Structure formats: structure tokens, C-alpha cells
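Following: one structure in C-alpha cells, then a few remarks.
The values are calculated or read from the model by the stated rules, or taken from the named source; none is laboratory data. Predicted model only: the values in this text are computed from it and were never measured. Virtual Cβ from ideal backbone geometry, glycine too; neighbours counted across all protein chains shown.
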């Protein structure tokens with residue numbers, strides 16, 4: 001699938017490939033440093049999850065990554081068991097499927113921390129388009145599929161712009177329709193904008209902007 005996506009990307013694909021190697025080196029070392037620093041927090045969060053709603057601590061969801069290939073995205077579990085069977089979108093901060101501990105993990109984006117492991121093994125990057133589930137990727141146009149030329153990331157321009165996406169969906173009479181017709185296309189445009197500006201300096205700025213957004 002990767003070859004097909006690159007072929008469709010044309011010159012856009014060549015630009016991406018030029019910046020992939022230094023980006024991977026930085027991702028590798030920063031993810032190791034992050035995991036070592038955050039290990040005590042991983043243990044504390046895991047304990048809270050176990051005490052509040054039992055096992056499992058982690059939730060693995062199939063997402064679509066670089067080259068239109070599926071991979072298992074890691075998160076701290078924030079919902080009741082089998083909650084994803086009731087729908088893939090989370091609507092509002094007080095979605096009844098979210099556990100008490102999960103509410104705060106989501107609020108401060110702490111549920112995303114295990115994705116440093118995805119970055120370490122090479123499935124993801126620290127910065128890049130947020131990975132979607134297959135259901136929504138299958139709706140992409142040929143132009144929108146260009147975002148699959150790069151590894152998905154933990155944060156990016158679209159993540160910052162739609163930081164409170166759940167609240168926006170909660171205000172909609174038809175959340176899934178709103179997501180597919182309004183939010184998803186807008187996010188994909190921001191993804192393409194990021195890819196066209198993809199540099200080490202840009203990534204560092206987005207990481208700091210994300211940290212500032214979380215603590216503000």
C-alpha cells in the first residue's frame with residue numbers, strides 16, 4: 001500500500017521523504033527520554049485505573065498509519081470495557097462510557113502518553129496527522145490520502161485547532177455527520193498544511209504549543 005500512496009503523492013511524496021530520516025532520529029531519542037522520565041507517572045496512572053475500574057490498563061485500537069497500513073495505537077484505558085462497541089466517536093467530556101479516572105486522563109491528554117511506545121517502535125512520530133480508524137480513512141478522497149505519506153503523530157496543527165473536539169460534537173444533533181462532513185475535512189486540510197511545512201523546527205514549536213495548551 002505504501003508504494004501506491006507514494007506514487008499518488010508525486011512531488012509531495014519526494015518532499016516528505018527528504019525530511020523523514022532526521023525526523024525519525026529525533027523521534028527515537030526523544031521517545032526514549034520521555035518514557036524514562038514519565039515511567040513513575042505510568043505506574044501511578046496504571047494503579048489508579050486498576051483501582052477504579054480494574055484491568056486492562058491499556059486500550060489498543062486499530063488505526064491507519066503511513067502507507068495506509070493498520071497498526072495498534074496504545075492509550076491508557078479511559079472507558080468502560082467494550083465501550084467502543086457503542087460507537088467510535090466520543091461525544092462530550094461526560095460521555096457515560098468514560099470512567100471517573102478516564103475523565104481526567106482525557107481532559108489533560110494523559111491517556112495519549114503510551115503512544116510514546118508507538119513512536120519508539122516506529123509506528124508513529126511525535127508530530128504528525130492524528131491517525132484515524134479505517135472506517136473514516138475509507139472515506140478519504142485521493143487528495144486527502146496524501147496525509148498517509150507521513151507517519152501519524154501524537155500532536156499536530158489539527159490537534160491544537162480541535163483540542164476540544166468532543167465538546168463540539170456534543171453540541172451537534174448528529175455528531176458523526178458533523179465529524180465526517182465538517183470536522184474531518186477541516187482537519188485533513190490542516191494535516192496537509194503541516195506536511196508542506198514539515199521541518200524539525202516546526203515539530204519542536206508544535207510540541208511546545210501542545211504542552212502549553214495542556215497546562216493552560
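So which of 175, 114, 185 is in contact with a strand residue (DSSP E or B) (Cβ under 8 Å, 6 or more places away or on another chain) and either in contact (Cβ under 8 Å) with a residue 40 or more places away in the chain or loosely packed, with under 15 Cβ neighbours inside 10 Å (or both)? Break it down stepwise before answering.
Values: 175 fails: in contact with a strand residue (DSSP E or B) (Cβ under 8 Å, 6 or more places away or on another chain); 185 fails: in contact with a strand residue (DSSP E or B) (Cβ under 8 Å, 6 or more places away or on another chain).
None of the others qualify; the one that does is 114.
Of the residues examined, residue 5 is one that is surrounded by 13 or more Cβ atoms within 10 Å (Cβ to Cβ), modelled with pLDDT under 95, in contact with a helix residue (DSSP H, G or I) (Cβ under 8 Å, 6 or more places away or on another chain) and more than 30 Å from residue 172 (Cβ to Cβ). The residues listed here are 163, 208; of these, the one that is surrounded by 14 or more Cβ atoms within 10 Å (Cβ to Cβ) and either in contact (Cβ under 8 Å) with a residue 12 or more places away in the chain or part of a helix (DSSP H, G or I) (or both) is 163.
How many of the residues in the stretch 93-107 are surrounded by fewer than 19 Cβ atoms within 10 Å (Cβ to Cβ) and either at pLDDT 90 or above or more than 18 Å from the chain's Cα centre (by Cα) (or both)? Step through it out loud before you land on a result.
Filtering the stretch 93-107 for residues surrounded by fewer than 19 Cβ atoms within 10 Å (Cβ to Cβ) gives 93-94, 96-97, 100, 103-104, 107.
If we keep only those that are either at pLDDT 90 or above or more than 18 Å from the chain's Cα centre (by Cα) (or both) as well, we get 94, 96-97, 100, 103-104.
Residues that pass the stated criteria total 6.
Which of the residues spanning the stretch 138-160 are over 12 Å from the mean Cα position of the chain (by Cα) and surrounded by fewer than 19 Cβ atoms within 10 Å (Cβ to Cβ)? Once the filter is applied, which keeps residues that are over 12 Å from the mean Cα position of the chain (by Cα) and surrounded by fewer than 19 Cβ atoms within 10 Å (Cβ to Cβ), the stretch 138-160 yields 138, 139, 140, 141, 142, 143, 144, 145. Against the numbered list (1) more than 17 Å from residue 115 (Cβ to Cβ); (2) not in a helix (DSSP H, G or I), residue 43 comes up short only at (2).
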